[in-house]
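A short write-up of the structure that comes next.
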Amino acid sequence: MNLAFSKVAIIGAGAMGRGIAQIAAQAGSQVWLYDTQAQATTQGREAVFQQWDKLLEKGRLTAESVAGHKSRLLAAASLQDLAGCDLVVEAIVEKLDIKKSLFLELEKVLAPTAVLVTNTSSLSVTAIAAALQRPAQFAGFHFFNPVPLMKVVEVIAGLKTDPAVCQRLSDFARQMGHTPVQAQDTPGFIVNHAGRGYGTEALRIVSEGVADFATIDRILRDQVGFKLGPFELFDLTALDVSHHVIEAIYHQYYEEPRYRPNVITAQRLAGGVLGKKVGEGFYKYPGGKAQIPDEPPVPVVQHMPPVWVSPRAARRMPLLQLLKNLGASIETGASPSPEALTIVAPLGFDITTVAVVERLDPARTVGIDMLFEDAATKRRVLASNPATRADMRDAAHALFARDGKAVSVIRDSGGFVTQRVVACIVNIASDMCQQRVCSPEDLETAVTLGLAYPMGPLAMGNRLGPDSILEVLFNLQTVYGDPRYRPSPWLRRRGAIGLSLLHTED
């Protein structure tokens, strides 16, 4: 195979640097691993060797291939040892001045044709390259941990990067078994930018007292299909990492409301409640395993009232069929009787607003989230309002749990939980396309591979209907008066004329 880069140096022997060195050597390149601490270089090289030995034991590599990989991974004693490399990948501390100093030294050592790249996740590629004599030969090459398993890499062009350099890096990523995505030099690039809607909106929902951490995690796993709830994810990544990323992107975008941080993570960071690695985060981890509170039991209801469904309910016909399947006594009058449990299913509005606008008795009104088809979810979510009677809330809970499907009951919230989080995810992704941060296709690839979402955000918006996402956002703006929910022009225009969110302009 004709490698895009045959002689590669990795600077930084931490987990990221070791992972990049591993896959580069596996691709066939001669790789030099270097760290300013000689012991770290030696230990890093040995750690990669151990990874290959484990793969050999599991039968995933042959003895011949392991021997070849090991022969191509060398330890460098100084920057001078890297002089013959045609690619140098920096994977050191996220400090702008330290990175800039390193690359200035490398320019003195390397040939003019050598490509220099940074693995930065949060700093500007253009800013790092600003003092270089050959900024056209410099780019971002952002991998994700653990590198051998996370199969996406962001290729980032600075303002002066030669497009041919990005093409070579993309080719090399493929040779290493990874999928490259092209990104502009903007805060968070693709993956960290697109991920802003998930955790920040979940934090806001908690801060409003809508539901607790465990309930929100259950809802987003069971209704949408996320592998981890947002608070499970925060505990895994740790707040000393994730909170700083949230703040950095917020400030780099000059306090854009869509990315607003939350005092909850700031407070927990200050208190050292960082996540799983310290034994306590949003959950406690006795013995390394999350201690998840039990769900509230389904109420026992002696008398089930008749049920009336608002004519404005989302997915009204499927909702009526569901109630029929559950054995409900359904009222069909123009308004509910004085005894009826009143069911509403708004998009974006809270239950209070719907009860007032539709002139319903709030004491008997309960909402259900019908953004997703019921058959596609593992959980139903109900919401009361401040005036909902306990007997009506319990009756709704018991009724919708009759077939054994899990039910969560939350306090009043514009857009419940799922609508709010999904709409923010789709909206931010749409605005990234509007800003030309990347192509819609690369965005979908980066998010599904880098964040393990059940589908790309634009595909999710298409599945639910851009018009439905727009309705959620417009109504959330009405309820909260917050510009964080203003729809992106990309979403608004495509939703208005019935185009796919993946559709690009000629």
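Have a look at the DSSP beta bridges in the chain and tell me what percent are antiparallel, nearest 5. Please list the in-between numbers first.
Values: 9 of 46 bridges.
DSSP beta bridges in the chain are roughly 20 percent antiparallel.
With one equal scatterer per alpha carbon and no solvent term, the Debye-computed log10 I(q)/I(0) for region 1-143 at 0.09, 0.12 1/Å reads -0.26, -0.46. Beyond a 29 Å Cα-Cα separation, which of these cross-linked pairs lie in this structure: Lys227/Lys277; Lys54/Lys99; Lys108/Lys160; Lys7/Lys151? The answer is Lys54/Lys99.
Report, please, the projected area of region 261-413 averaged over directions, based on the convex hull of its C-alpha atoms, in nm².
Projected over every direction and averaged, the Cα hull of region 261-413 covers 11.4 nm².
Mind giving me the FRET efficiency for Tyr254 and Glu441? R0 is 30 Å, r the Cβ-Cβ distance, nearest 0.05 is fine.
About 0.60, to the nearest 0.05.
For region 76-235, the dipole from Cβ point charges (+1 on Lys and Arg, -1 on Asp and Glu) about the Cα centre works out to 280 debye, to the nearest 20. Dipole check for the chain: with +1 at the C-beta of Lys and Arg, -1 at the C-beta of Asp and Glu, and the Cα centre as origin, the magnitude is about 420 Debye. Accessible surface of the chain, 1.4 Å probe: 53 percent of it comes from carbon and sulfur atoms. Dividing the alpha-carbon radius of gyration of region 152-234 by the rule-of-thumb value 2.2 N^0.38 Å gives 1.50.
Ranking Leu236, Gln223, Leu320 by Cα position along the charge dipole of region 167-323, where only Lys, Arg, Asp and Glu carry charges on their C-beta atoms, puts Leu320 farthest toward the positive end. Taking every Cα-Cα distance in region 83-132 and sorting them into 10 Å bins from zero, the calculated P(r) comes out as 27, 59, 14 percent. Rolling a 1.4 Å probe across the protein heavy atoms gives the chain an accessible surface of 42 Å² per residue. Judged by the mean number of other Cβ atoms found within 10 Å, the most tightly packed of the peptides 296-304, 440-448, 358-366 leads the ranking 440-448, 358-366, 296-304. Equivalent ellipsoid of region 424-483: semi-axes from √(5λ) of the C-alpha gyration tensor, largest first, are 22, 13, 10 Å. How far, in degrees from 0 to 90, does helix 163-175 lean away from the longest principal axis of the Cα atoms of the chain, to the nearest 10? Long axis of 163-175 versus the principal axis of the chain: about 80 degrees. Of all lysines in the structure, those lying under 18 Å Cα to Cα from Lys284, and not within fewer than 8 positions of it along the same chain, are Lys276. Peptides 306-312, 155-161 ranked from most to least packed by the mean count of surrounding Cβ atoms within 10 Å: 155-161, 306-312. Normalised radius of gyration (Cα atoms, divided by 2.2 N^0.38 Å) for region 352-506: 1.17.
The H on the amide N of Val115, modeled in the peptide plane, is under 5 Å from the matching H of Leu87, Val88, each at least 5 residues off or on a different chain.
Centre-to-centre separation between the Cα atoms of region 59-119 and those of region 393-430: 49 Å. Ordering Met460, Gln477, Val421 by Cα displacement along the dipole of region 417-506 toward the positive end leaves Gln477 in first place; charges were set at the Cβ atoms of Lys, Arg (+1) and Asp, Glu (-1).
May I ask you to work out the translational diffusion coefficient for region 294-360 at 20 °C, viscosity 1.002 mPa s, via Stokes-Einstein with Rh from the Kirkwood sum over Cα pairs, reported in whole µm²/s? This corresponds to a translational diffusion coefficient of 162 µm²/s.
The values are calculated or read from the model by the stated rules, or taken from the named source; none is laboratory data. Since the structure is predicted, the reported quantities are computational estimates derived from the model, not experimental observations. So basically every Cβ, Gly included, is an ideal-geometry build from the backbone, and we count neighbours across all protein chains shown. SASA here: full protein model, heavy atoms, side chains in, ligands and nucleic acids out. Shrake-Rupley method; radii C 1.70, N 1.55, O 1.52, S 1.80 Å.
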